[in-house]
Every structure is written in structure tokens, then in C-alpha cells.
Amino acid sequence: MWLPLVVTAVWAMLPAYVPNNAAAIGGGGRAIDGGRRWGDRRLLGDGKTWRGTAIGTLAGVGLAAVLNLVAAQVSSVGSVTVPPFPPEAAVGLAAGAMAGDIAASFLKRRSGRERGASFPVLDQLDFVAGALVAVYLLAPGWAAATFTPTVIATVVVVTPLLHLATNVIGYQLGVKAEPW
Ligand code: CTP
Ligand code: MG
């Protein structure tokens, strides 16, 4: 049955999913790169701000704390046991997602893409890669137990679909400039 796998994968990635959306809503102000350029291109661009990064990270950690309150109840509903998030895992997932997104902007600027330009695959998986690397570094035991190869494969398939859906909604609500 694939449903428990999808539930586990989405649950474990939720603290990495919200940071991008929270940053899009709460972002603005000073750019992380301070306007600096490398050659004739910005380092990161005005789409990566200190405030957005802080708000995104806090939103992801905050969501993990809320999920911890309901993990036991959710697990008791069906056959799926969803894990609570230790603090290091919450921080790894949230901050890692933001770092992955920032790294992607760096690659976008280096490859000549302007702010907001789409970069298929990278746009959908940058924060997944960042979150997984960070959570394996900060909470290795929890990460190995939670993100098994099967769960990671499920995350890689399901995330782009969810990401696309939420970005289209964000675009329609007017909080995102482009639907990707
Ligand atoms: N945002 C932010 N800080 C971040 C990430 C996002 O302030 N670390 C905000 C910015 O207002 C950004 C919006 O969220 O414009 C949407 O994020 P994203 O699509 O990642 O940025 P883009 O503006 O598309 O820029 P880029 O091409 O660099 O991805
Ligand atoms: Mg964008």
C-alpha cells in the first residue's frame, strides 16, 4: 500500500515545506547578498532576504512543535505511525530548506537566470536536498530512522507535485509573483 508511505513522507517533510511559503509571505527588506555582485550578476538577488529566511526558518520549527503536539493522535487514527520531531531535526529541516533555496538562487544567478526565472527540477527539489543534508547532519539517528531510502524516494516524487500545487495557490492568492 502506498498511502502510509506518502503520509510518512509528507509528515516528515512538513517542517521543510512551510519555510518557502512563509518566506514568500513574510519576506522583504535587506537582501542577504547586500546587493553584491560577482561579475555582472548578483550573488543571490533581492528574492533572498534576511527577514524571509528568519521567518521561514521559524515557521518550519514552529510547525514541527505543533506537529509534536498531535503526533500521538495522528498515529492512533490509522496504521501509520508518524514520528515527533526532536529540536535538532526541526531546525535541520527548516533551516536546511531555506539554505537549499538560497543555494539554488546562487546557481540561478551564476547560470544567468534573473530573479523569479524558473529552473525546473532545481526549483522543486532545492529545499528537499538542503533539508535532507541538514537533518542528516544535525539529527543523524532520527534522520536515518525516518528518511529511509524508500521514504526519500517517495519524497522526491511527491514533493514536486505538492510544491507545484502550493505555488499555484500562492500565485493565485497574489503572494507569489510566478506560479513556480
Ligand atoms: N523570500 C525571502 N527570503 C528567502 C526566500 C524567499 O525574502 N530566503 C521571499 C522573497 O520575497 C521572494 C519570495 O519569497 O521573492 C519568493 O521566493 P522565491 O521564489 O524563492 O524567490 P524569487 O523571487 O523567485 O527569486 P529566485 O529567482 O532567486 O528564486
Ligand atoms: Mg521564484
Starting at the first residue of region 17-23, write each ³J(HN,Hα) from the Karplus equation 6.51 cos²θ - 1.76 cosθ + 1.60 with θ = phi - 60°, in whole Hz, x for Gly and Pro.
-> 7, 5, x, 4, 6, 5, 5
Under a 5 Å amide H to amide H cut-off, with H placed in plane at 1.01 Å, what residues pair with Lys48 once short-range neighbours are removed?
-> Ile32
Tell me the Kirkwood hydrodynamic radius of the chain in angstroms, computed as one over the mean inverse distance between distinct C-alpha pairs.
-> 16.7
For the chain, the charge dipole (Cβ of Lys, Arg +1; Cβ of Asp, Glu -1; about the Cα centre) points to a positive end, and the Cα of Leu43, Gly78, Val155 closest to that extreme belongs to Leu43
Additional length obtainable on full extension of the chain from Val77 to Leu137, 0.36 nm per residue less Cα span = 18.4 nm
Taking the alpha-carbon centroid of each part, what is the distance from region 53-119 to region 133-169 in angstrom?
-> 9
Please determine, in degrees from 0 to 90 and to the nearest 10, the orientation of helix 149-173 with respect to the longest principal axis defined by the Cα atoms of the chain, where the helix direction is its Cα long axis.
-> 50
The answer for trypsin sites (Lys or Arg not before Pro) in region 24-133 that fall in a DSSP coil and have at most 12 neighbouring Cβ atoms within 10 Å is Arg30, Arg36
Return one number: the angle in degrees, 0 to 90 and rounded to the nearest 10, between the long axis of the Cα atoms of helix 122-138 and the longest principal axis of the Cα atoms of the chain.
-> 60
Distance between modelled label sites at Arg41 and Trp180, nm, 7 Å Cα→Cβ extension | 1.5
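Any read-out appearing in this document is the output of simple, stated calculations on the displayed coordinates, not a laboratory observation. None of these values were measured; they are calculated from a predicted model. With ideal geometry, Cβ positions are generated from the backbone for all residues, glycine too; neighbour counts draw on all protein chains shown.
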